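Okay, so here's the structure we're looking at.
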Amino acid sequence: FADAISDDNYDEWSQRIVLYAGTESNDLATFPYFGKFLEHLGEVSPHLSIKLITEHENKLERFFVAILIGIWRGDKLSARVLVSNWIEQGKYLFSCAALFEYNSDVDEELLDNLFVKAAEAKDDYTIIQIISSLSANYDESNTTLIDMLFNAINELTTLGVTNWINALWFRKEKEKILSGLDNAKIEVILTNLLLVNSIEYHAEDILFPIATDHPEKIIEFFGERQKYKKSNELDSTYDAIPFDFYELQKPLSKIPEKAVEIVASWYDGDFGMFIYYGANLLKIIFPDFPKPFEEKLIELVRTGGRRNIDIVMTVLRNYEGQTFLHNICKELIMYIPDDEDYVSEVRIILDSTGVVHGEYGLANAFAKKKEDIKDWFEDENEKVRNFAIEYDGILEKRIEGETKRTDEEIELRKHKYGEN
């Protein structure tokens, strides 16, 4: 059909094309063959295609990208003149940018002019499309595109826009673009992602190559997010620290000593709040409490001082009383000040159970904890032995109390609903 269009039947075909383009759809995937038809028409009859879009700009705007790709192949000079004029007039900037996402013949001068025009107009959609086009065409032979890409991210930061990550995270070129960055370019990305409400999968995918090269910078970045939330008094929709990591945990967990040092430096004396941001970040980086991480925390305990002990306790509060905490809890008992508040805090760390199941779930959990500390009675340290004796008695009373409470609840339900 496209090959058959000529000056003689142009009027008939232009009416058909405009009619087809008027089909209502919010999804351009409705038009795959129509798009290919227009692209081929642009390539084989660039002069007619330019005439078509000039005469019917408003009606064909959705399909400019397909037509432009074809014209660029068939008559690059004419296509360049058309696109240059549109850029100068500030028209159809998004389509001009999208042309180069699907066209490996990138014109850097046009893209540069396009970026300047889009930045002047504060047109974030076009700037994001420029990023998409630049990343789609990045390789080692055109590394100059990188500077324009980071200028675009900078511009989006001034506009408070972060969804450029959706134009980059899935691309195979992402690793090459984001690996081996200098500090200035890393800062551009982190400054922008400071504005993201939540670091979810797509944002993690952008951060992962940076975390692989510079894990300490990503840990520091989460500290900056907490400061940003506090200084701007943001509500709960802004999650400074994610609930969990999809893939960042692996590179960040490679520097346990440095991670503890960085996070410990954030502690401002607010014990309760630190549990939920700094300490929680360490928990999601080191969910299995690896040995080097434990050793670094023990080093803090042995160094002494209330500040160090507070930091360690906030970290342990996030681990739901798991048995791998026992070694460091013994260290705490040996080094904490002679203060009931600190002793009570160790009990709270050990008491935590996470989710329990069944009517006697809590009682059973306390019984398990009672069993787990049996060897503490024979510890070589007297403070540990004394703590164990006292804690064992507390657990026994809790088991009795929980068992009695549950028995009473069961009897009440039987009385109300019957034996079955």
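Observations, loosely collected:
- Some residue of the range 205-220 being surrounded by fewer than 17 Cβ atoms within 10 Å (Cβ to Cβ) and free of Cβ contacts under 8 Å to residues at least 12 places away in the same chain: no
- Qualifying residue in the range 28-43 (condition: modelled with pLDDT of 95 or more, touching a Cys at 6+ places or on another chain (Cβ under 9 Å) and surrounded by 15 or more Cβ atoms within 10 Å (Cβ to Cβ)): no
- Within the range 50-130, helices (runs of 4 or more DSSP H) holding 2 or more residues that are open to solvent by less than 20 Å² (accessible area, probe 1.4 Å) and touching a Ser or Thr at 6+ places or on another chain (Cβ under 7 Å): 64-74, 93-99, 108-120
- Filter pass, residue 169 being hydrophobic (A, V, I, L, M, F, W, C) and open to solvent by 30 Å² or more (accessible area, probe 1.4 Å): yes
- Options 178, 252, 190; residue that is open to solvent by less than 70 Å² (accessible area, probe 1.4 Å), modelled with pLDDT of 95 or more and within 24 Å of residue 146 (Cα to Cα): 190
- The listed residue being open to solvent by less than 30 Å² (accessible area, probe 1.4 Å) and in contact (Cβ under 8 Å) with a residue 12 or more places away in the chain, out of 360, 391: 391
- The single residue among 345, 371, 331 that is open to solvent by 50 Å² or more (accessible area, probe 1.4 Å), out of contact with any Cys (no Cβ under 6 Å at 6 or more places or on another chain), modelled with pLDDT of 90 or more and part of a helix (DSSP H, G or I) turns out to be 371.
- Among the residues of the range 261-273, some residue qualifies, meaning at least one is part of a loop (DSSP other than H, G, I, E, B) and among the hydrophobic types (A, V, I, L, M, F, W, C).
- Failed item in (1) of a type outside the set (Lys, Arg); (2) more than 16 Å from the chain's Cα centre (by Cα); (3) closer than 30 Å to residue 180 by Cβ, with residue 234 passing the rest: (3)
- Any chance residue 137 is out of contact with any Pro (no Cβ under 9 Å at 6 or more places or on another chain) and open to solvent by less than 70 Å² (accessible area, probe 1.4 Å): yes
- Within the range 10-27, considering residues that are open to solvent by 40 Å² or more (accessible area, probe 1.4 Å) and part of a loop (DSSP other than H, G, I, E, B), the one nearest to residue 82 (Cα to Cα): 22
The values are calculated or read from the model by the stated rules, or taken from the named source; none is laboratory data. Bear in mind that the values here come from a model prediction, so they are computed numbers and not experimental data. As a convention, Cβ positions derive from the backbone with ideal geometry for all residues, glycine included, and neighbour counts pool all protein chains shown. Remember, those area values only see protein heavy atoms, side chains included, never the ligands or the DNA or RNA. Shrake-Rupley method; radii C 1.70, N 1.55, O 1.52, S 1.80 Å.
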